[in-house]
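Undergrad: Okay, here's the structure, questions in a sec.
Computed from the coordinates by the stated procedures, all read-outs in this text should not be read as laboratory data. Please read these numbers as outputs of a predicted model, since none were measured by experiment. Positions of Cβ are backbone-derived with ideal geometry, glycine not excepted, and every protein chain shown enters the neighbour counts.
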Amino acid sequence: MDIAIQPGSVPHRINPQSQGVSPVAILTTTTVDAPTGEPLSVRFGPKGAPAVHGTGQSQAVRKDGAPALVLLCRPQDTGRPCGDTAASRTGQPFTGQALQRTAAIMTAGCQ
């Protein structure tokens with residue numbers, strides 16, 4: 001998995017009706033140096049919600065200490081339906097490559 005929704009929580013939960021923000025971490029891999037990414041090109045969910053403020057920060061979110069690019073998104077802007085089991089993000093943030101990544105999620109707060 002190259003992304004983590006609500007890093008540190010397992011399973012990854014997202015409340016599609018939330019009026020707040022949720023962190024999404026783009027993880028460093030052998031082919032992607034996440035902190036060097038371009039946050040303005042990253043979009044989340046079916047509606048392509050942008051990162052809040054168009055910026056992110058480098059943080060270690062895994063036990064191995066590898067840096068990740070952590071962005072905030074507004075779940076209500078993503079178009080994610082209740083009961084959804086996967087979250088995606090798209091963009092061209094790394095070396096000009098078009099990227100699309102998906103992570104398993106559980107939706108919460110749905111009535």
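Undergrad: Please name all residue pairs, on different chains or six or more residues apart, with Cβ atoms under 6 Å, provided the first residue is in the range 8-36 and is at positive phi and the second residue is surrounded by 19 or more Cβ atoms within 10 Å (Cβ to Cβ).
TA: Pairs that qualify, where the first residue is at positive phi and the partner is surrounded by 19 or more Cβ atoms within 10 Å (Cβ to Cβ): there are none.
Undergrad: State all residues of the range 66-89 that are under 11 Å from I5 (Cα atoms) and in a strand (DSSP E or B); if no residue qualifies, say none.
TA: Our first condition is that a residue be under 11 Å from I5 (Cα atoms); within the range 66-89, this holds for 70-73, 75, 86-89.
V70, L71, L72, C73, A86, A87, S88, R89, listed by residue number.
Undergrad: So, one more: If I ask for residues that are under 13 Å from I105 (Cα atoms), out of contact with any Asp or Glu (no Cβ under 8 Å at 6 or more places or on another chain) and not aliphatic (A, V, I, L, M), which ones from the range 9-21 would you list?
TA: Within the range 9-21, S9, P11, H12, R13, N15 qualify.
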